[in-house]
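Each remark here refers to the structure printed beneath this line.
The values are calculated or read from the model by the stated rules, or taken from the named source; none is laboratory data. Just so it is clear, the structure is predicted and the values come from calculations on it, not from any experiment. Here the Cβ positions follow ideal geometry from the backbone for every residue, glycine too, while neighbour counts run over all protein chains shown. SASA here: full protein model, heavy atoms, side chains in, ligands and nucleic acids out. Shrake-Rupley method; radii C 1.70, N 1.55, O 1.52, S 1.80 Å.
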Amino acid sequence: MTSSPSEPVRVLLADDEAMIRAGVRAILATDPAIEVVAEAGDGRTAVELVRAHRPRLALLDIRMPKLDGLAAAAEIRRSVPQTATVMLTTFGEDDHVARALGHGASGFLLKSGDPRELIAGVHAVAGGGAYLSPTVARRVIELGGDRVARRPLAQDRLAGLTTREREVLALVGAGLSNAEIARRLYLVEGTVKTYLTSIFTRLEVRNRVQAAILAYEAGLVEPVE
């Protein structure tokens, strides 16, 4: 379920705080290429509205009543796999971020981050990419302990990749979609998908976000300070 260039990216927004929803909605409204088609104040309603509206992506707060964001994201991926899930996080939710990373979320955005990150993240995920708020990326990497000590381990995991696969992985880490990677490397999009299948298999990662984290750890791309 992808949007054509003439169609807006359809988004569901779920957060139990009305003020947060209003703020996020106002930011997204500044981009005419994004349309918020539904809102929810709890995870169960979010799942029901995703089934009803079939948006391109769901922006989900991690902490919500009835069904938290992680459980809602898992249910959405099971019942409406065409809808990507992006987690809205705050400082102090490191354990939740780590769990979401392991469960296939396509992006992580900080509620208090730069509004431009929110819009960039929506477009990146809608285009088939992954997006990590730079602040969240740094925190996820820090969760694993000493980054300096882990870099050689990450680089060893990348040793079996070809030069072209490393180039593709670096662009995944930078948040580019398949189409953007294809344009950047002068490839057809189908070839990029083939490279990604090989990369995920060789690195034993489940999704683009996990691949992006590995790209950060190996030094292929640096989180913005």
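Structure notes:
- Filter result (part of a helix (DSSP H, G or I) and either open to solvent by less than 10 Å² (accessible area, probe 1.4 Å) or without any contact (Cβ under 8 Å) to a residue 12 or more places away in the chain (or both)) within the stretch 197-216: Thr197, Ile199, Phe200, Thr201, Leu203, Val209, Ala211, Ala212, Leu214, Ala215
- Neighbours by Cβ (under 7 Å, 6+ apart or cross-chain): first from the stretch 169-196, without any contact (Cβ under 8 Å) to a residue 60 or more places away in the chain and assigned to a helix (DSSP H, G or I); second open to solvent by 20 Å² or more (accessible area, probe 1.4 Å) and of a type in the set (Val, Ile, Thr): Ala170/Val221; Gly173/Val221; Ala182/Val188
- Among residues of the stretch 50-74 that are over 12 Å from Val36 (Cα atoms), those with a beta-carbon under 6 Å from a residue that is among the acidic types (Asp, Glu) and open to solvent by less than 30 Å² (accessible area, probe 1.4 Å) at least six positions away or on a different chain give the pairs Asp61/Asp15; Ile62/Glu93; Met64/Asp42; Pro65/Asp42; Lys66/Asp42; Gly69/Asp61.
- Screening Tyr195, Tyr186 for residues that are more than 21 Å from Ala84 (Cβ to Cβ) and aromatic (Phe, Trp, Tyr) leaves exactly one candidate, Tyr186.
- Of all residues in the stretch 32-55, those being open to solvent by less than 30 Å² (accessible area, probe 1.4 Å), part of a loop (DSSP other than H, G, I, E, B) and closer than 21 Å to His123 by Cβ number 1.
- Comparison of Arg21, Arg99, Arg63 shows that the only residue that is under 17 Å from the mean Cα position of the chain (by Cα), modelled with pLDDT under 95 and either of a type in the set (S, T, N, Q) or open to solvent by 40 Å² or more (accessible area, probe 1.4 Å) (or both) is Arg99.
- Of the residues examined, Val192 is one that is at pLDDT 85 or above and open to solvent by less than 70 Å² (accessible area, probe 1.4 Å).
- Among (1) in a helix (DSSP H, G or I); (2) surrounded by 15 or more Cβ atoms within 10 Å (Cβ to Cβ); (3) out of contact with any Pro (no Cβ under 7 Å at 6 or more places or on another chain) - the single one Leu220 does not satisfy: (1)
- Residues (among the polar types (S, T, N, Q), within 25 Å of Pro152 (Cβ to Cβ) and more than 18 Å from the chain's Cα centre (by Cα)) located in the stretch 172-225: Ser198, Thr201
- The set of residues in the stretch 102-147 that are within 30 Å of Arg183 (Cα to Cα), assigned to a loop (DSSP other than H, G, I, E, B) and at pLDDT 65 or above comprises Ala105, Ser106, Gly113, Asp114, Gly127, Gly128, Gly129, Ala130, Ser133.
- Screening Glu75 against (1) in contact with a strand residue (DSSP E or B) (Cβ under 7 Å, 6 or more places away or on another chain); (2) in a helix (DSSP H, G or I); (3) acidic (Asp, Glu) leaves a single unmet condition, (1).
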